[in-house]
Amino acid sequence: MLSIKTKLVLVLVAVITFGTDVIGQSRMANANFEALPLVFSWEDSGVRITSKTANNLGGNLLEMTPSQYLDQIGNDLVRVTMNSGNTPVIIDLTEYYQYKREGSTAEAMNQMINPSPKINLFMPKLTLADYNEPNSFILELRNFSKSVNDARQVFLFRGLDVFYVSTDNCAVLSSEQNRIIVDVEKCDVKHIVLKGGLLDLTDVEQKIPDLCKKYNDRYFSQGEEDAFVCLKDCTDTGTGNYERLKHVRGLITKYNITDYNDEPLSFLGNLLLTKKGVGLNLKTEDMDKTKVSTKGKKASYNAYDSYRFFPWYEFINLSFEKYVDESQLRITDPYNNSYIYNSKVHFSNVELIQFFNELKDMISDQVNY
């Protein structure tokens, strides 16, 4: 599975806002996400990348390595020319965020430590088949040129935990893991602005079990048994939690729920909470059977057959609502993918919706820079 970049969009959990939100993400846009100091715009001849940071101490924020498809046409203004094919423009924000995290204090400024943060732009010498990297997101812009059929440009953003793309509502967005596809063929608006940042997960191992205990105490009472089961540091063989931990690790391995170095923190039936996100056994929407009528979309769902893992960058941009009865809830992402979760274990869907929303708020508060 993808690591936490942090990979918030794709939202991506990815997030961006300029005027109207592109992805129908307006209801999910996260106020804690900060706009990246970049503006993307386009014309028939290519895509333009502009810095919008006026107070960069060292001059240009964008540091470009010249290539066949990258032109520096002004201070902090780079043009990506057409026909680069599948080769992405790599936009590395690692140094920029390291500066924001470590080098922007008054003491550091006085010592002139890293006084000039840079965002590095370059094209790789070799084109890889897969750019599914930790802490990275892919933005694919399609149909942005009226003079070139099927114009397509790919960008790889490195150094982000969360990422969000926003533009005019005319754009058609879709996503696959950390790749966000923005089709602007029918758009008169010719710009997008990006939001993103880093996640500080240093204390989630304590906050998530505490939140689970809060809901156990508030809504569940059945002898001494807990609904949410603590896993972190619960290895006392006399309590049975060691066996539960083995059970959860077995689920992770069997269903490839998350990556091998993730840490399970708590579980509730077929709901698994880890340091990196949330795993759920879901009904997924069957797009071949979903119908669209004059009354709206009538979704058809597959049976429960596998786990779906939502890294935090995706989870914090989900929405939750009641579905059919008190035990089922529908989960929708910013790209209009939807899932059904059966919450028959201990809590009603209303109670779990409250839990999920509080968990979203808790993780969102950890977004900084």
- Note on the structure: If amide H atoms are modeled at 1.01 Å from N in the peptide plane, then the residues at a separation of 5 or more from residue 47, or on another chain, having amide H under 5 Å from its own are 80
- Message: Which trypsin sites (Lys or Arg not before Pro) in the range 114-207 sit in a loop by DSSP (not H, G, I, E or B) and have at most 10 other Cβ atoms within 10 Å of their own Cβ?
- Response: 125, 146, 186
- Taking amide hydrogens as modeled 1.01 Å from N in the peptide plane, which residues meet the under 5 Å criterion relative to residue 290, leaving out close sequence neighbours? 300
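No value in this document is a laboratory result; all are computed from the given coordinates. Because the structure is a prediction, the values reported are computed rather than measured. Cβ: placed from backbone, ideal geometry, glycine included. Neighbour counts: every protein chain shown.
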